[in-house]
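Notes follow the structure.
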Amino acid sequence: MSQKFSLDGQVIPFEDGETIMQAATKAGVFIPHLCYHPEFKPHGSCKLCTVKVNGRQTASCTMRASTGMVVENNTEELNGERRALTQMLFVEGNHFCPSCEKSGNCQLQATAYHLGMMSPHYDHFFPNRPVDATHPDFFIDFNRCILCSLCVRASRDVDKKNVFALSGRGIKTHLIVNAASGNLADTDFSLADKAAQVCPVGVILQKRQGFAVPIGERTYDKAPIAAQREPEMEGAPK
Amino acid sequence: MALNEMGAEALAEIVDQIATRYQRDPVNLLQILREIQEVCDWLPPAAIDQLQTLLNVPRTKIEGVAGFYSFFYTKPRGRYRILFSDNITDRMQGNQPLIKQLCENLWIEPGKTSEDGLVSVDSTSCTGMCDQGPALLVNNRAIPQLTATRITEIADLVRNKTPLADWPADYFAVDNNIRKADILLASEMTPGDALRAARGRTPSDGVKASNTRSWREGLPSGISGPSAMLDEIKRANLRGRGGAGFTTGLKWEACRNAPLKSGQQRFVVCNADEGEPGTFKDRVLLTTQADLVIEGMTVAAYTIGAEQGFIYLRGEYRYLLDSLNAALERRRKENLLGENILGIPGADFDIKIHLGAGAYVCGEESALIESLEGKRGTPRNRPPFPVTNGYLDQPTIVNNVETFAAAALIALNGGEWYAAIGTSHSAGTKILSVSGDCERPGIYEYPFGVTIQQVLDDCGASATQAVQVSGPSGVCVGVDEFARRICFEDIPTAGAFMVFNQSRDMFEVARNFVHFFQHESCGFCTPCRVGTSLLVNMMDKLHNGHGSSYDFSEIEKLNLLLQTTSHCGLGHTACNPVLDTIAKFRPAYEKRMKHDQFEPAFDLDRALSQARQMTGRDDSGAHFSTSKVALGEKA
């Protein structure tokens, strides 16, 4: 393993085929991200992981590392852009952290704290997104969906069920479930599904589990997101 | 026939027939959905149920695709689905009063379906009829040159439920309006001549048919034939006509050299998804020079070694489908397509037409390929590029209609001949789609290097304030720049040339373009999905009289973010029209900067508009007036 690139001045080794994100994570460097998950094929849509490679912005989760790259990550400019993107995700949906079951375990919230987001900055869109509570074991609260498509990928690639997909276009893009009725109850979604565990925000919530871990003792209450090993890494096979 | 007149069994049979005609292959999903909708007027849930089984794909996939494209309807939209083209040129030609008139005549609201399920009226992005607008599409058939009289007639036809086939044929007549023809539009090439020239161009070195990988190796001229053709394309210095101007020779060479895995092949794709507002030259090329375009594709297939080609035709040009299919069929009969082309054993190449369904982003080549594969038209992550990993992950070239037409002429006349036309860095001619404020809108073909002023003189434009070159994603050119030239070294263009005279409000032009980008954003990446909506809100805020200098700096910040972090060119260029007009037509914006300090976008009186609509009131009591309730003031 002799290949290396520079990340904020630090030398990062990598193997053939690895992305900047993969190599950085292995080396213990945090790059903010929401749609990236080490177990799934990178999507490159949230753009939170945007870094500068040789002076040009690109998504680090899809960009393969190559020898001699000069990559900027933790800079004021990039964090400013990421903050604006996070604010966009907040105003696009309906995110009310104080009343959200996921508060403290939410990657969007933790990322906003990490980036020093003090306000939503933009005017809220207040979209009308009804909650689906038809399933015996789950709620789907579409209000919080950030369209990362992790549940789509998990259900398709791991569970082999295709319970979720994105439909619509542009600002009307939205999550749908695999049933003519549009209700989760009419799909074969179940507790054992990988897709039930990957939502980085509070869309897919298990019923009768509300606030089992009290606020203050949750994942990101204990340590900020940048200081954590990826929770998904710990549970990951191999 | 509407669904309610069709029994469940009849529907099932139709869906089965259509799916079977497309080999029940999910890669053909767009075409299957289009044909079902052409029969049923929408995509009924029963049809989607059945497709799940027939194509063996999950419902989520079908609904995801159907939901992406503007022209697919998963809810009934009426037997007559009328969409007004809403480019800025249509607006200048007065489409807004016509929309209002039609809606009033039919007693419906824009965007909604009539209570009896007969008709819906809405607007859509530019339909490519800017030289003969205002225009509309009814069930995807174009009607240009609308007038108030024509609208009254259309309302009568709809109310009387006259089948579309019985509407007067002259409604649907589309003019070519060729005002200036050069090598492409004036070409009188005999079909097949360019192919014969491509073959004959090479030193004859005997039959090298040992390698049967593709038909280029099977030609009598052997390997050197295609490479000689490639050399001509390079010598011609041909660059892509879709706007980006990538060197065609390099693209073809990269695809030709891309390794093939077992069972793979190479593909030639013609990008006829002419979606850039203000552009309509591909429509005219495909109408008047279809053979030249198809022959160019065949030359490309010969050069790179492809057996299958596609024409990705935008849904708005549905009316060209039959004539293009007829041209393909005639060429098959003339042995210019199909198997053993020109009688050469193993020389196989054929072309299928794939219709789009209303999505500008599919003009981006990797989104176009996704769409060809029957998916949502989301641009791919690149690299890898289509030349190595394109259609079905196999080597693919995607070129513009005009590029292929030029390639045919290069095959016929040689690279040196072509390179001598135009400027040193921009060889050949460029077809411009001229519209807006001028006496003679239409199609103008010039050698590269023509000045903006020359085009304005030729099309009879006077008192011109600005020209939007290459559409909303291009540049807005002011009077002091009219000496600039159309070419890659100065102002590159995909072909749009929209003229605005001094009576036009350039702020409203930019606002129209911003709405266009918002409507067409694919929604994949955060900056473009949310950013284009934020930009629309900001421009609407200025329009509504709440602008301050704060909003200017916000627009500029947003622009930077979209340029640096968006996934594809749509997001990168979405702020261009605003930035250009702010820089060049500042007074149009200053007029709207009514406040020194920040003003919220919220407007109480406007917020009451819904209540006014519901109660049918518009009297003074139904309006909010600041003078009455301002603090410290008595009513």
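The values are calculated or read from the model by the stated rules, or taken from the named source; none is laboratory data. What you see is a predicted model; the values in this text were computed from it and never measured. Cβ coordinates were reconstructed from backbone atoms using ideal geometry, including for glycine residues, and neighbour counts include every protein chain displayed.
Some observations on this one:
- Residue match in the range B:6-16 (condition: closer than 22 Å to residue B:356 by Cα and of a type outside the set (Asp, Glu)): yes
- Positions within the range A:24-52 being buried (at least 21 other Cβ atoms within 10 Å of the Cβ), under 17 Å from residue A:66 (Cα atoms) and touching a helix residue (DSSP H, G or I) at 6+ places or on another chain (Cβ under 7 Å), in sequence order: A:50, A:51
- Within the range A:180-218, the set of residues being of a type in the set (A, V, I, L, M) and over 23 Å from residue A:86 (Cβ atoms) comprises A:180, A:184, A:185, A:191, A:192, A:195, A:196, A:212, A:213.
- Unique match (being closer than 20 Å to residue B:567 by Cβ and in contact with a Ser or Thr (Cβ under 6 Å, 6 or more places away or on another chain)) among B:363, B:377: B:377
- Pick from the range B:406-421, criterion farther than 22 Å from residue B:191 by Cβ and in a helix (DSSP H, G or I), ranking: farthest from the chain's Cα centre (by Cα): B:416
- One residue alone among A:78, A:108 is under 22 Å from residue B:553 (Cα atoms), of a type in the set (A, V, I, L, M), buried (at least 19 other Cβ atoms within 10 Å of the Cβ) and modelled with pLDDT of 95 or more, and that residue is A:78.
- Scope the range B:56-101; condition touching a Leu at 6+ places or on another chain (Cβ under 7 Å) and either closer than 30 Å to residue A:161 by Cβ or hydroxyl-bearing (Ser, Thr, Tyr) (or both); matching residues: B:62, B:64, B:65, B:66, B:72, B:73, B:74, B:80, B:85
- Within the range A:148-161, being surrounded by 21 or more Cβ atoms within 10 Å (Cβ to Cβ) and in contact with a helix residue (DSSP H, G or I) (Cβ under 7 Å, 6 or more places away or on another chain) holds for A:151, A:154, A:155.
- Residues of the range A:152-171 satisfying the condition of being within 21 Å of residue A:88 (Cα to Cα), assigned to a helix (DSSP H, G or I) and either more than 7 Å from chain B (Cβ to nearest Cβ) or of a type in the set (Gly, Ala, Ser) (or both): A:170
- Any chance residue B:564 is surrounded by 17 or more Cβ atoms within 10 Å (Cβ to Cβ), closer than 27 Å to residue B:379 by Cβ and more than 12 Å from every other protein chain (Cβ to nearest Cβ): no
- Considering (1) assigned to a helix (DSSP H, G or I); (2) touching a residue at least 24 places away in the same chain (Cβ under 8 Å); (3) crowded, with 24+ Cβ neighbours inside 10 Å; (4) within 7 Å of chain A (Cβ to nearest Cβ), the lone condition that residue B:578 does not fulfil carries the number (4).
- Residues being more than 14 Å from every other protein chain (Cβ to nearest Cβ) and either assigned to a loop (DSSP other than H, G, I, E, B) or among the aliphatic types (A, V, I, L, M) (or both) - total across the range A:126-139: 8
- Complete set of residues in the range B:354-369 that are in contact with a Lys or Arg (Cβ under 7 Å, 6 or more places away or on another chain) and closer than 18 Å to residue B:395 by Cα: B:366
- Which listed residue is more than 9 Å from chain B (Cβ to nearest Cβ), small (Gly, Ala, Ser) and in contact with an Asp or Glu (Cβ under 7 Å, 6 or more places away or on another chain), from A:116, A:104: A:104
Matching residues to (1) in contact with a Ser or Thr (Cβ under 9 Å, 6 or more places away or on another chain); (2) hydroxyl-bearing (Ser, Thr, Tyr); (3) under 24 Å from residue B:567 (Cα atoms):
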position	(1), (2), (3)
B:419	no, no, no
B:431	no, no, no
B:435	yes, yes, no
B:444	yes, yes, no
B:447	yes, no, no
B:466	yes, no, no
B:524	yes, no, yes
B:527	yes, no, yes
B:536	no, no, yes
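- Scanning the range B:351-385 for residues that are basic (Lys, Arg) and surrounded by 24 or more Cβ atoms within 10 Å (Cβ to Cβ) yields a single hit, B:376.
- Qualifying residue in the range B:283-303 (condition: surrounded by fewer than 24 Cβ atoms within 10 Å (Cβ to Cβ) and aromatic (Phe, Trp, Tyr)): no
- Taken together, the residues in the range B:102-117 that are surrounded by 19 or more Cβ atoms within 10 Å (Cβ to Cβ) and more than 15 Å from residue B:77 (Cα to Cα) amount to 1.
- Qualifying position, being surrounded by fewer than 22 Cβ atoms within 10 Å (Cβ to Cβ), of a type in the set (Val, Ile, Thr) and more than 14 Å from chain A (Cβ to nearest Cβ), among B:396, B:429, B:388, B:403: B:388
- Residue under evaluation residue A:66, criteria (1) more than 9 Å from every other protein chain (Cβ to nearest Cβ); (2) within 18 Å of the chain's Cα centre (by Cα); (3) more than 19 Å from residue A:124 (Cα to Cα), criterion not met: (2)
- Residue within the range B:481-489 that is within 14 Å of another protein chain (Cβ to nearest Cβ), touching a Ser or Thr at 6+ places or on another chain (Cβ under 8 Å) and of a type in the set (D, E, K, R) present: no
- Filtered residues of the range B:522-536 (kept if closer than 20 Å to residue B:601 by Cβ and either at the interface with another protein chain (Cβ under 7 Å from one of its Cβ atoms) or polar (S, T, N, Q) (or both)): B:529, B:530, B:531, B:532, B:533, B:534
- With respect to the stated conditions, residue A:174 is under 25 Å from residue B:514 (Cα atoms), out of contact with any Cys (no Cβ under 6 Å at 6 or more places or on another chain) and touching a residue at least 40 places away in the same chain (Cβ under 8 Å).
- Of the helices (runs of 4 or more DSSP H) contained entirely in the range B:31-94, those carrying at least 2 residues that are away from chain A (no Cβ under 14 Å), buried (at least 23 other Cβ atoms within 10 Å of the Cβ) and modelled with pLDDT of 95 or more fall at B:88-92.
- Residue B:456 vs. criteria closer than 25 Å to residue B:301 by Cβ and part of a helix (DSSP H, G or I): no
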